[in-house]
1. Are any residues in the stretch 156-186 among the hydroxyl-bearing types (Ser, Thr, Tyr), more than 13 Å from residue 87 (Cα to Cα) and either assigned to a loop (DSSP other than H, G, I, E, B) or touching a Pro at 6+ places or on another chain (Cβ under 6 Å) (or both), and if so, which ones?
2. Of the conditions (1) buried (at least 16 other Cβ atoms within 10 Å of the Cβ); (2) in contact with a Phe, Trp or Tyr (Cβ under 9 Å, 6 or more places away or on another chain), residue 217 satisfies every one except a single condition; which number is it?
3. If you go through the stretch 198-209 one residue at a time, do you hit one that is small (Gly, Ala, Ser), at pLDDT 95 or above and outside any helix (DSSP H, G or I)?
4. Cβ-Cβ distance below 6 Å, separation of 6 or more or different chains: which pairs start in the stretch 200-221 with a residue that is small (Gly, Ala, Ser) and end on one that is modelled with pLDDT of 95 or more?
5. Can you pull out the residues in the stretch 14-41 that are open to solvent by 10 Å² or more (accessible area, probe 1.4 Å) and either assigned to a strand (DSSP E or B) or among the aromatic types (Phe, Trp, Tyr) (or both)?
6. State which residue is farthest from residue 231 (Cα to Cα) when the search covers only the stretch 74-104 and only residues that are in a strand (DSSP E or B) and among the β-branched types (Val, Ile, Thr).
7. Which residue, of 142, 166, 210, is among the aliphatic types (A, V, I, L, M), touching a strand residue (DSSP E or B) at 6+ places or on another chain (Cβ under 7 Å), exposed (fewer than 14 other Cβ atoms within 10 Å of the Cβ) and closer than 21 Å to residue 94 by Cβ?
8. Of the residues in the stretch 60-73, how many are among the β-branched types (Val, Ile, Thr) and either in contact (Cβ under 8 Å) with a residue 24 or more places away in the chain or part of a helix (DSSP H, G or I) (or both)?
Amino acid sequence: MRASAPAKINLGLVVGPLRDDGKHELLTVYQRVGIADRIDVEPADRLTVGGFPGDTLVRGALERLAERIGTEPRWRVRIEKHLPVAAGIGGGSSDAATALRLANERLDADELHELAAELGADVPFFLREGPQLGSGDGTTLAQLDLPQDYWIVLVLPHDVHKESTAAVYRAFDERDGASGWEDRAAHFTDSVKSVRRPRDLASLPPNDLAHSPVTEHLKTLGAFHADVSGAGPTVYGLFHHRAHAERAQRALRKAARTWLTAPAWYG
């Protein structure tokens, strides 16, 4: 059993106050993109995960799955890693979700979603088709009908290193970032509802957690919308035309790792 484990970007990320469970309220649009890891899963005598020594999420996901169905974890997994680690584009979450989907033979969709939500806010998204509106702590999902006809340049600057997600949220709390949550959430929801054409995505408010000067650089290179994905540090730029996206990618290659891709509906 083999499948791709695609990356995602966050088309807007509005963050609110802490919840009783210690997580933050948030609203975001998850959009899958066309670059991916590859995951192989097959039955085995015991659980082994190879190909990517840094993995913890895939192993943890399959251990949880085995526990949930009352058996021992008996799978051999190989991760063919192409996506950058800790970059804000959901590589580890996608790997875990893909491994769950391949290994699962007993849980229904709702049960698998519940298990995925225990692993991380992004993981359930990768079990769904199409762009999704994430709410609550990010694991409550609603499918969206959004345009998919544009090009995406992903930019991971060489000189930027990601802080831990916990540190990013701590800094958000320290600057009272949750102020005005209800109004900001309403504005975000209205903006999502108004999207009809790719350029309408530019109306989505910027990421509350992370900012980068690369966003403005991408706009000067022709992007109609640019922002940081997740907690960063990857930045994306959206382009109407492939030629313009390719030109922007060439302009940024010396200062960053770059990828040219497009929206993807499913893995």
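The values are calculated or read from the model by the stated rules, or taken from the named source; none is laboratory data. Values in this document were obtained by computation on a predicted structure and should not be read as measured data. Virtual Cβ from ideal backbone geometry, glycine too; neighbours counted across all protein chains shown. Surface accessibility is based on the protein's heavy atoms, side chains included, excluding ligands, DNA and RNA. Shrake-Rupley method; radii C 1.70, N 1.55, O 1.52, S 1.80 Å.
1. Answer for the stretch 156-186, where residues must be among the hydroxyl-bearing types (Ser, Thr, Tyr), more than 13 Å from residue 87 (Cα to Cα) and either assigned to a loop (DSSP other than H, G, I, E, B) or touching a Pro at 6+ places or on another chain (Cβ under 6 Å) (or both): just 179.
2. (2)
3. Scanning the stretch 198-209 turns up no residue that is small (Gly, Ala, Ser), at pLDDT 95 or above and outside any helix (DSSP H, G or I).
4. Between residues of the stretch 200-221 that are small (Gly, Ala, Ser) and residues that are modelled with pLDDT of 95 or more, the close pairs are 202/224; 202/225; 203/191; 210/228; 212/228; 212/235.
5. The initial filter retains those residues of the stretch 14-41 that are open to solvent by 10 Å² or more (accessible area, probe 1.4 Å), namely 17-27, 34-36, 38, 40.
Once the filter is applied, which keeps residues that are open to solvent by 10 Å² or more (accessible area, probe 1.4 Å) and either assigned to a strand (DSSP E or B) or among the aromatic types (Phe, Trp, Tyr) (or both), the stretch 14-41 yields 17, 18, 24, 25, 26, 27, 34, 35, 36, 38, 40.
6. Across the stretch 74-104, the extreme among qualifying residues is 77.
7. 142
8. Qualifying residue count for the region: 1.
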